[in-house]
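Take a look at the structure below.
The values are calculated or read from the model by the stated rules, or taken from the named source; none is laboratory data. All values reported here derive from a predicted model rather than from experimental measurement. So basically every Cβ, Gly included, is an ideal-geometry build from the backbone, and we count neighbours across all protein chains shown. Note: areas computed on protein heavy atoms with side chains; ligands, DNA, RNA excluded. Shrake-Rupley method; radii C 1.70, N 1.55, O 1.52, S 1.80 Å.
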Amino acid sequence: MKKKILECIQKEGMDIHTIAKHLNLLETNQLILLTKEINKMIDEGLCFEKDGIIYIKDNYLEGIVDVYKGKPYIDDKPINNDLNTLLFSGDKILYRENKFDIDLIKIIERKTAYVYGTMVLRKGKLYFFSDDIRLKEYKVVNEKDFKKELKPFFKVRCFVSNYQKKELKIDKVIGHIDDEETLIETILLQNDAPLPFSNKIMKYCDSISDEISLENRKDLRELNFITIDGDDAKDYDDAIYVEQIDVGYRLYVSIADVSHYVPEGSILDKEAFNRGTSIYYPGNVIPMLPFKLSDDLCSLMEGKDRYTITCQMVVSYNGEVVSYEIYPSVICSKHRMTYSNVNKILGHDKELLDKYRDITNMIYTAYSLSRIANKVRRSKGGIEFESNEPIIVEEKSKVVDIQIRKQDKAELMIEDFMILANTTVASHMAYLGLPLIYRNHDYPKQEKIDSFINTMEKFGVTFKGNPYKIESKVLNKCLEKFEDSDDYYLVSEMLLRCMAKALYSHNCSGHYGLGLEHYCHFTSPIRRYPDLIVHRMLKKYVFSYSEDIDEDNIKNENIAKKANEREKKATSIERAIVDLKMCEYMSDKIKQTFMATICSITNYGFYVRLENGIEGLVHIKNLDGYFYLDHNNNLSDDFGTTYKISQRVKVKLIAVDLNNRNIDFVVVNTRPKR
């Protein structure tokens, strides 16, 4: 009977009576047997029931919901929720995937749903006002338990105690909504940010010896290694040394040997695994490792002997790595250099040339090598995205300016060398079939590439080759056409948004964006757990011998999955706090006007970007007239006015919402209102 039932509901779900009719089981005892068989199939996980309809489970997918700005998604696809069921991040659901969205079929498992909101005083009584408009009918039922702490306009965290009765219970009072620290703590709580290190972990760190031994390590302390980082960097996990030789260049990339201080299975290792990554946001960092390691023992500080793992490469004048060695080492950084100072040296600053005369020739040699390596990588399909990362400038905890971080020669040079080292290590391990955690970047989703191509055609750019398997080098050539254009940053951002998300995996599938067959993260073990694992695998299988390949492949699969989750959380925190700082910066500029560029268009309006990178929405309801999304995906009206991507517009700031981190503008019209 099981086989017949499955055949019956193969194409679409049916209720029991319809199934019985199809199978000609019309007698009472036959219906009872059919019901028992279907219940058994549900228990076995072959089927599931929803609203009286029986479905085959294999026809649907399971996934974890992610809610962003009140809207539920799975893998960046919006969930079409015809059931009108409240969904929260972490809920496990059964769904059917469509081309552009997802149909919710059933909630399999609820995660504890935390809700954030503000206590508001009305008629002498405190009421909960939720940040999530979907919960406007939900009520707090335990405010008396927090009577001493609760005050008007205090932010609180609640959890859903009863979905049917629409009840919430407060579990944490955060602080007053006018306090920026309250808003930051809310973001950290919403994204499950790590708590401070425990006393047990701090005591463990205190017991770690700072003595340096040369046993089983190559002594590189005589070489003029330097670190090059941002002015505000606190930890230095990579150092370089370059020399010119007959066949090309010899490049040393030495990375802090964090694995020496973090043994597998130790309390420190377990904590680093749970954190997955350091989280950086304006004015602060939540480190993956305690400061004794991240800022001291593992940091390649000027004049200090430090344990490292070195990737030593010979790079030809054609930019190819013709030979390499990977080995444990000890180095002593001769100078702590900053990007700004190296850029000044490359610009022939006389004062700095004199101050750093012992390394200036090496810096020029290094830059020559980086340009060769960069040219080769671009020829293989590496896409050169221009960074639009904002720099938040604060004085006395107040945002006084926001700037776009510029990628100059020094920044690009270090990026080139780190990519060379990462690729060399990944290729070595892949060819030997040894366990590793790779950094993969898949081909972008076709609908996103189609949209990008259509937009570029409006700029007069045509694409050759197969549009259904477009090579990264074709996209890079498209980007190069805008290098001297005011639209370069905009096109770079649009292309970046088309890209799939890079992910960690124990299997190697290549890096589309860099145009590389093998790639891993080897160069930042102080702040990324997968890099630490790469070092551990090198020690276990390259510097030593082990037969634990199958076991480590399974371990690395689980580590990669956890690292992807933690990276996503960290990114959400960093972006949200940057958005908050931008809102803070704009909050005293209401009614001021700005020149802006339209960067994206939706059916409810368009987003504009100011010159300093701040983005905001011009809502369609605030446009003068009736506008609609036309066949070119522009916003148009019937009187000849059109708003399109890359168009420059003058806008006025009308609202800033710190709580929801939204900025709203209106267009300053240059013609009379209709």
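Can you give the net charge of the other residues whose Cβ lies under 9 Å from the Cβ of residue 166, counting K and R as +1 and D and E as -1?
Working: positive: 139, 165; negative: 137, 167.
Counting the neighbours of residue 166, the net charge comes to 0.
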Legend entry - Förster radius 35 Å - calculated FRET efficiency between residue 15 and residue 111 (Cβ-Cβ, nearest 0.05): 0.70
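Using the C-alpha gyration tensor of the stretch 135-174, what are the square roots of 5 times its eigenvalues, in whole angstrom, with the largest one first?
Values: eigenvalues 69, 20, 14 Å².
Semi-axes, largest first: 19, 10, 8 Å.
Below 8 Å between Cα atoms, with a sequence gap of 6+, how large is the relative contact order for the stretch 125-247 in percent? Show your work: numbers first, answer last.
Values: 91 pairs, mean separation 17.0, N = 123.
In percent, rounded to a whole number, it is 14.
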Inset, instruction - Would you mind checking 172/501; 77/136; 234/561; 106/151; 292/539 for any pair whose Cα atoms are more than 32 angstrom apart? - result: 172/501; 106/151
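Semi-axes of the equivalent ellipsoid of the stretch 333-442: what are they in whole Å, largest first, if each equals the square root of 5 times a C-alpha gyration tensor eigenvalue? Spell out each step's value before the answer.
Numbers: eigenvalues 178, 99, 41 Å².
Rounded to whole Å, the semi-axes are 30, 22, 14.
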Legend entry - In nm, spacing of pseudo-spin labels at residue 147 and residue 68 (7 Å Cα→C-beta vector): 4.4 nm
Legend entry - Linear extension gain, residue 39 paired with residue 171, 0.36 nm per residue minus alpha-carbon span: 43.6 nm
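Starting from 0.36 nm per residue, how many nanometres of slack lie between residue 637 and residue 26 once their C-alpha separation is accounted for? Mind showing how you got there, number by number?
Working: separation 611, 0.36 × 611 = 219.96 nm, distance 6.10 nm.
Going from the current span to full extension adds 213.9 nm.
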Inset, instruction - Work out the FRET efficiency for residue 202 and residue 232 from their Cβ-Cβ distance, taking R0 = 22 Å, and round it to the nearest 0.05. - result: 0.35
Inset, instruction - Pop out the ³J(HN,Hα) list for the stretch 281-287 in order, Karplus 6.51 cos²θ - 1.76 cosθ + 1.60 with θ = phi - 60°, rounded to Hz; leave Gly and Pro as x. - result: 9, x, x, 7, 8, 9, x
Legend entry - Total formal charge among the other residues, if their Cβ is under 13 angstrom from that of residue 473, Lys/Arg +1 and Asp/Glu -1: +4
Legend entry - Three-way shape label, the stretch 181-270, alpha-carbon gyration tensor, a/c 1.5: oblate
Inset, instruction - In whole angstrom, note down how far apart the Cα centers of the stretch 357-389 and the stretch 334-353 are. - result: 16 Å
Legend entry - Charge-dipole axis of the chain as Lys and Arg at +1 and Asp and Glu at -1 on Cβ define it, positive-most pick from 533, 95, 208: 95
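Could you work out the relative contact order of the chain? I mean the mean sequence separation of Cα pairs under 8 Å and 6+ apart, divided by the number of residues, in percent. Mind showing how you got there, number by number?
Details: 1177 pairs, mean separation 64.6, N = 674.
After rounding, I find 10 percent.
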Legend entry - Acute angle (nearest 10 degrees) that the helix 488-498 long axis makes with the longest principal axis of the chain, alpha-carbon atoms: 60 degrees
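Order these peptides, 392-401, 333-342, 454-463, by their mean beta-carbon neighbour count within 10 angstrom, highest first. Kindly include the intermediate steps, with their values, before the conclusion.
Details: 392-401: 12.0, 333-342: 20.5, 454-463: 13.6.
Packing order, densest peptide first, comes out as 333-342, 454-463, 392-401.
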Inset, instruction - Tell me the chymotrypsin sites (Phe, Trp or Tyr not before Pro) within the stretch 489-544 that lie in a loop according to DSSP and have at most 16 other beta-carbon atoms within 10 Å. - result: 543
Inset, instruction - Rounded to the nearest 10 degrees, what's the angle between the helix 409-432 long axis and the longest principal axis of the chain, both from Cα atoms, 0 to 90? - result: 80 degrees
Legend entry - Alpha-carbon centroids, the stretch 571-631 and the stretch 105-184: separation in whole Å: 29 Å
Inset, instruction - Give me the distance in nm between label points sitting 7 Å out from Cα along the Cα-to-Cβ direction at residue 351 and residue 461, one decimal. - result: 4.1 nm
Legend entry - Ratio Rg/Rh [Cα only; Rh per Kirkwood] for the stretch 1-113: 1.06
Legend entry - Sequence ranges 27-35, 242-250, ranked by mean other-Cβ count within 10 angstrom, highest first: 242-250, 27-35
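What FRET efficiency do you get for residue 50 and residue 4 if R0 is 25 Å and r is their Cβ-Cβ distance, rounded to the nearest 0.05? Let's see the in-between values first.
On the way: r = 21 Å, r/R0 = 0.85.
Efficiency, from the Cβ-Cβ distance: 0.70.
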Legend entry - Acute angle (nearest 10 degrees) that the helix 446-458 long axis makes with the longest principal axis of the chain, alpha-carbon atoms: 70 degrees
Legend entry - Per-peptide average of other Cβ atoms within 10 Å, ordering 470-479, 557-566, 146-155 highest first: 470-479, 557-566, 146-155
Legend entry - Expected 222 nm ellipticity per residue - DSSP helices of 4 or more, -39500 (n - 2.57), all of the chain, to 500: -9500 deg cm²/dmol
Inset, instruction - With label points built 7 Å along Cα→Cβ from the Cα atoms of residue 397 and residue 604, find their separation and express it in nm. - result: 3.4 nm
Inset, instruction - Report, to two decimal places, the Cα Rg of the stretch 219-261 normalised by 2.2 N^0.38 Å (N = number of residues). - result: 1.38
Inset, instruction - Using Cα pairs closer than 8 Å and at least 6 residues apart in sequence, work out the relative contact order for the stretch 1-141, in percent. - result: 15 percent
Inset, instruction - Hey, can you find the accessible area per residue of the chain for me, probe 1.4 Å, expressed in square angstrom? - result: 52 Å²
Legend entry - For residue 405, residues with placed amide H under 5 Å, excluding near neighbours: 389, 391
